[in-house]
Amino acid sequence: MACLEHIFAPSLPQSCCCSLPHGVETSFTRLLRCILSASSSLDVCVFAFSNMDLCKAVLKLQCRGVPIRVLCDKDYAAIHGSQIGVLRRAGICARCDLGSVYMHHKFAVVDNRLLITGSLNWTMTAVQSNKENVIVTEDPDLVGPFLKEFQRLWLHSDPAQYFHLSDPKPADKPTIPSTDKP
């Protein structure tokens, strides 16, 4: 465990006075740095997303104007502590996989070139308690299939595709006369 404030506010040398060690490089701080390195895009595809520090990193990217897309499992998007609602309220497009089985992926692609993948769910338990693995690579032969899988799932989870052509369009709906008097 280490303080992460130096990751989120590097220009402030002593931005935090907590009792955790400061300035310590851990596997988690390296993961955060990889995510925060995004300058043109971040695509996240994770089974569960409840880690507030990872959410903070994604929100920081959004404040910098980085386009972000998040996919997660539909059942785990609504669990207590899920950060999906936080991301959506902040204006980040977060979709849930609509398949009948778990969407169990755990990967992110930074700027269409850097792949982060492994067993790590984006949860506090995974980060602090579990034995997990994460691989980070820029190998195009590895990044490419993950980009294709993300795009496939992203299109498959588009809620607009589930509206039927026979559904009335807003202009086709009957109008109800206003009872307001001028």
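What follows is calculated from the coordinates using simple rules that are stated; it is not laboratory data. Worth saying up front: this structure is predicted, and the values here are computed from it rather than measured. Glycine also receives a Cβ, built like all others from the backbone with ideal geometry; neighbour counts cover every protein chain displayed.
Values for this structure:
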{"read-out": "Filter on Lys56/Lys106; Lys74/Lys131; Lys60/Lys131 - keep pairs with C-alpha separation over 21 Å", "value": "Lys74/Lys131; Lys60/Lys131"}
{"read-out": "Per-selection Kirkwood Rh - the range 57-96 (Cα, Å, 1 d.p.)", "value": "10.4 Å"}
{"read-out": "Total charge dipole magnitude, the range 57-110, about the Cα centre, Cβ charges on Lys, Arg, Asp, Glu only, Debye to nearest 20", "value": "260 debye"}
{"read-out": "Cα convex hull of the range 118-159, projected area averaged across orientations, nm²", "value": "4.0 nm²"}
{"read-out": "Contact order normalised by residue count of the range 23-159, Cα under 8 Å, 6+ apart, percent", "value": "26 percent"}
{"read-out": "Protection proxy ranking, peptides 49-57, 148-156, average beta carbon neighbours within 10 Å, highest first", "value": "49-57, 148-156"}
{"read-out": "Net length gained if the chain between Glu25 and Ser37 were fully extended (0.36 nm per residue, minus Cα distance)", "value": "2.7 nm"}
{"read-out": "The range 23-159 - Debye-derived log10 I(q)/I(0), Cα point model, q = 0.13, 0.19 Å⁻¹", "value": "-0.49, -1.15"}
{"read-out": "Ranked by how many other beta carbons lie within 10 Å on average, peptides 58-69, 136-147 from highest", "value": "58-69, 136-147"}
{"read-out": "Electrostatic dipole magnitude of the range 23-159 [Cβ: Lys, Arg +1; Asp, Glu -1; Cα centre; debye, to 20]", "value": "400 debye"}
